[in-house]
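Working notes, beginning with the structure itself.
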Amino acid sequence: MIIRHLDSAKKSTRRVDSAGWNSVRLLLRDDAMGFSFHITTIYAGAELPMHYRHHLESVYCVAGTGTIEDSQTGEVHAIEPGVMYALDQHDQHVLRANTEMTMACVFNPPLHGQEVHDDSGTYPPRAEAVA
Ligand code: 9YT
């Protein structure tokens with residue numbers, strides 16, 4: 001069994017900071033769960049174009065409000081506590097935060113630890129296959 005506290009993880013290398021967000025990666029590839037699990041904070045006013053070509057991600061909004069735009073269709077969905085979105089088609093998207101947002105995120109395959117977005121909003125591929 002693995003037990004971790006967010007407050008301790010925040011003070012460790014599990015916390016990754018990038019432009020407009022930070023993410024505390026509570027579970028990573030080395031934990032051998034088949035996915036990684038993160039608590040991500042998106043800062044108020046952030047506009048994040050993302051495209052996870054090599055990963056599937058699902059995100060649950062715990063706190064705060066914003067929107068997600070499907071870059072292919074232009075469709076915009078409101079994000080608020082209780083809403084989950086899943087990028088099951090490796091969907092290119094833009095996340096916009098009206099207020100600071102707290103998001104619980106799962107990645108398959110799991111992140112290794114220190115990944116941040118490249119210029120196209122993606123994370124690098126790793127050896128594991130997406131099921
Ligand atoms: C919601 C979202 O995708 N934010 C970007 C950071 C990502 N969730 C991560 O690396 O934890």
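The values are calculated or read from the model by the stated rules, or taken from the named source; none is laboratory data. This one's a predicted model, so the numbers in the text were calculated from it and none came from an experiment. What goes into the accessible areas is simple: the full protein's heavy atoms, side chains included, and nothing from ligands, DNA or RNA. Shrake-Rupley method; radii C 1.70, N 1.55, O 1.52, S 1.80 Å.
Rounded to the nearest 500, what is the 222 nm mean residue ellipticity of the chain from helices alone, with -39500 (n - 2.57) per DSSP H run of 4+ residues and division by all residues?
-500 deg cm²/dmol
Which length gain, in nm to one decimal place, applies between Q89 and H112 when the Cα-Cα distance is subtracted from 0.36 nm times their residue separation?
That pair, Q89 and H112, stretches by 6.1 nm at full extension.
Carbon-plus-sulfur fraction of the accessible area of the chain, 1.4 Å probe, in percent?
Taking all protein chains in place, the chain shows 53 percent carbon and sulfur surface.
Can you check how the C-alpha radius of gyration of the range 20-116 compares to 2.2 N^0.38 Å, as a plain ratio?
1.02
Keeping every protein chain present and rolling a 1.4 Å probe, give me the accessible area per residue for the chain in Å².
Result: 54 Å² of accessible area for each residue.
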